[in-house]
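The structure under discussion appears below in the form of structure tokens.
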Amino acid sequence: MKPRILLTAAIPEPGMELLYDAGEVTLLPEVPDTAALTALCASGDFDVLLSRLGDTVDADLLAAAKVRGVSNYAVGFNNIDVEAATKHGILVGNTPGVLTDATADVAMLLILGTARRVVEADTLVRSGQFSGWNPELLMGADVSGQVLGLAGFGRIGRATARRALAFGMDVVFSPRPPQERIVSADELGEFAGKVRQLPWDEVVAQADFLSIHVPLNGQTRHLVDAAVLKAMKPSAFLVNTSRGPVVDEAALVTALREGVIAGAGLDVYENEPELASGLTELPNTVLLPHIGSATVPVRGKMAVLAARNAIAIGKGEMPEFAVNPEAFRGAQ
Ligand code: DGY
């Protein structure tokens, strides 16, 4: 029997090909709301849901679901209640590794883009107001020689550190803010002697650029709130490529408006796709539409991993990347 796989929207071609080869695929014509998705998962017609970040897979859905697993087309899985999934023996798959460099590239892009006022500069040229080289036109901030503070030091944080070091930045990090955990020299590996671990409040206070690389969970929701923004240097920039709710976006708008910090580069938002009121009016921001992993090769690789995870789960096998392997119950 081919595994029956439900998709709320198509994933890139390399993944779709694998799914059509190995499974019986249902691709919905429209993305369903959570109630409709719950009914579909409870119908008994599907073995696996291949979800995207916009699909809310909550405790109610999982309690009613008759699927073996959910394969998320993303490395992050905050759209899924993993604890509830585990309780109901539902495996959750994700796509780690393949998007690390692409996302770190976007973090670096936001560091450079906020420092060098790239949106304002581009707007000036496009609006026909560029009247030639001017000694004081759009002067920005330096990147080399500046301190990059990293919140989180996992795969993407490290890849960002690698880039920042190549740009001559001084890199400090807190591995699991707001908690503290000492990273050993062994764990630091290639970074030993090149980056410094500091307590979270010192990372915040010393950073010229504070870049967020933590997963969204109960501890990290609003990690960057009004108090943290106030503790940053007035000349500092905030960069977020992880998850929007890690930053209190309303507090950020106030801080940017009042000059509490110098600027922000965001790829993710607290209530995607909605933006906090006033954010788009601020010139000292670079705002991207959650494109950290959006290169053709990377999205293709993510699609392959998500498809492989879905097919394995559907066959009753352990997927290559399971967030909750303890939910595995084998073929039934
Ligand atoms: C992820 O995979 O979690 C990214 O945010 C989207 O590619």
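The values are calculated or read from the model by the stated rules, or taken from the named source; none is laboratory data. No experiment lies behind these values; they were computed from the predicted model shown. Every residue, glycine as well, gets a Cβ built from its backbone with ideal geometry; the counts of neighbours run over all protein chains shown. Heads up: the accessible areas ignore ligands, DNA and RNA and are worked out on the full protein's heavy atoms, side chains in. Shrake-Rupley method; radii C 1.70, N 1.55, O 1.52, S 1.80 Å.
Percent of Cα-Cα pairs per 5 Å bin, from 0 to the last occupied bin, for the range 232-332, please list those.
All Cα pairs, binned at 5 Å, distribute as 2, 11, 17, 15, 11, 10, 10, 9, 7, 5, 2, 1 percent.
Would you mind working out the magnitude of the charge dipole of the range 100-287 relative to its Cα centre, with +1 at each Lys and Arg C-beta and -1 at each Asp and Glu C-beta, to the nearest 20 Debye? Mind showing how you got there, number by number?
Numbers: 16 positive and 23 negative charges, 61 e Å.
Once rounded to the nearest 20, the dipole reads 300 debye.
Among the complete DSSP H segments of the chain, which ones combine at least 15 Å of alpha-carbon extent along their axis with a mean Kyte-Doolittle hydropathy of -0.5 or more?
On the way: long enough: 100-115 (23 Å, 1.23); 155-166 (17 Å, -0.30); 296-314 (27 Å, 0.92).
Helix filter hits for the chain: 100-115, 155-166, 296-314.
What do you get for chymotrypsin sites (Phe, Trp or Tyr not before Pro) in the range 32-138 restricted to DSSP loop and a cutoff of at most 10 other Cβ within 10 Å of the site's Cβ?
Working: sites: F46, Y73, F77, F130, W133; in loops: F46, Y73, F77, F130, W133.
Loop-located and lightly packed - W133.
By the scheme Lys and Arg +1, Asp and Glu -1, what is the net charge of all other residues having a beta-carbon under 11 Å from that of I291? Can you show the working numbers first?
Details: positive: R299; negative: D105, D267.
Every neighbour counted, the sum reads -1.
Using only the alpha carbons of the range 80-143, determine the length spanned along each of the three principal axes and report them from longest to shortest in whole angstroms.
Largest to smallest, the principal-axis extents are 64, 24, 17 Å.
Tell me the Kirkwood radius of the range 100-287: reciprocal of the mean inverse pair distance over distinct alpha-carbon atoms, in Å.
On the way: mean 1/r = 0.0599 Å⁻¹.
16.7 Å is the Kirkwood radius here.
Given an 8 Å cut-off on Cα distances and at least 6 residues of separation, report the relative contact order of the chain as a percent.
On the way: 701 pairs, mean separation 72.0, N = 332.
Relative contact order here is 22 percent.
Tally Lys and Arg at +1 and Asp and Glu at -1 over the other residues with C-beta under 13 Å from the C-beta of P245: what net charge comes out?
Details: positive: R221, R243; negative: D225, D248, E249, E270, E272, E274.
Around P245, the surrounding residues sum to -4.
Which entries of K194/K233; K66/K301; K194/K230 show an alpha-carbon separation above 25 angstrom in the structure shown? Before the final figure, lay out the partial values.
Values: K194/K233 23 Å; K66/K301 28 Å; K194/K230 28 Å.
From the list (K194/K233; K66/K301; K194/K230), the Cα-Cα distance tops 25 Å for K66/K301; K194/K230.
Starting from the residue with the highest accessible area, list I11, I291 in decreasing order, probe 1.4 Å. Walk me through the numbers before you get to the answer.
Numbers: I11 10, I291 65 Å².
Accessible-area ranking of I11, I291, largest first: I291, I11.
How large is Rg over Rh for the chain, taking Rg from the Cα atoms and Rh as the Kirkwood inverse mean of 1/r across Cα pairs? Mind showing how you got there, number by number?
Values: Rg = 21.5 Å, Rh = 21.2 Å.
When Rh is taken as the Kirkwood radius, the ratio is 1.02.
Which of F77, A121, S144 sits closest to the plus end of the dipole of the range 52-165, meaning its Cα is farthest towards the positive end, when Lys and Arg get +1 and Asp and Glu get -1 on the C-beta?
Farthest along the dipole direction, towards plus: F77.
Between M318 and R196, what is 0.36 nm times their sequence separation minus the Cα-Cα distance? Round to one decimal in nm.
Values: separation 122, 0.36 × 122 = 43.92 nm, distance 3.82 nm.
Here the answer is 40.1 nm.
Using +1 at the Cβ of each Lys and Arg and -1 at the Cβ of each Asp and Glu in the chain, identify which of N309, A59, H88 lies farthest towards the dipole's positive end.
N309
Under a point-charge model restricted to the Cβ atoms of Lys and Arg (+1) and Asp and Glu (-1), what is the dipole moment magnitude of the chain relative to its Cα centre, in debye to the nearest 20?
Values: 27 positive and 39 negative charges, 121 e Å.
Taking the Cα centre of the chain as origin, the dipole is about 580 debye.
Give me the tail of P(r) for the range 1-52 as a percent: Cα-Cα pairs with distance above 13 Å.
55 percent
Quick check on the range 100-287: of the DSSP beta bridges with both residues there, what percent are antiparallel, nearest 5%?
Values: 1 of 25 bridges.
For the range 100-287, the DSSP antiparallel bridge percentage is about 5.
Distance in nm between label sites at D225 and T254, each 7 Å beyond Cα in the beta-carbon direction?
Modelled inter-label distance: 1.2 nm.
If you average the C-alpha positions of the range 8-60 and of the range 300-332 separately, how far apart do those two centres end up, in angstrom?
Value for the Cα centre distance between the two parts: 14 Å.
Looking at the range 88-181, which GluC sites (Glu not before Pro) are DSSP coil and have at most 16 other C-beta atoms within 10 Å of their C-beta? Please report the intermediate quantities before stating the final value.
Numbers: sites: E120, E136, E180; in loops: E136, E180.
Loop-located and lightly packed - E136, E180.
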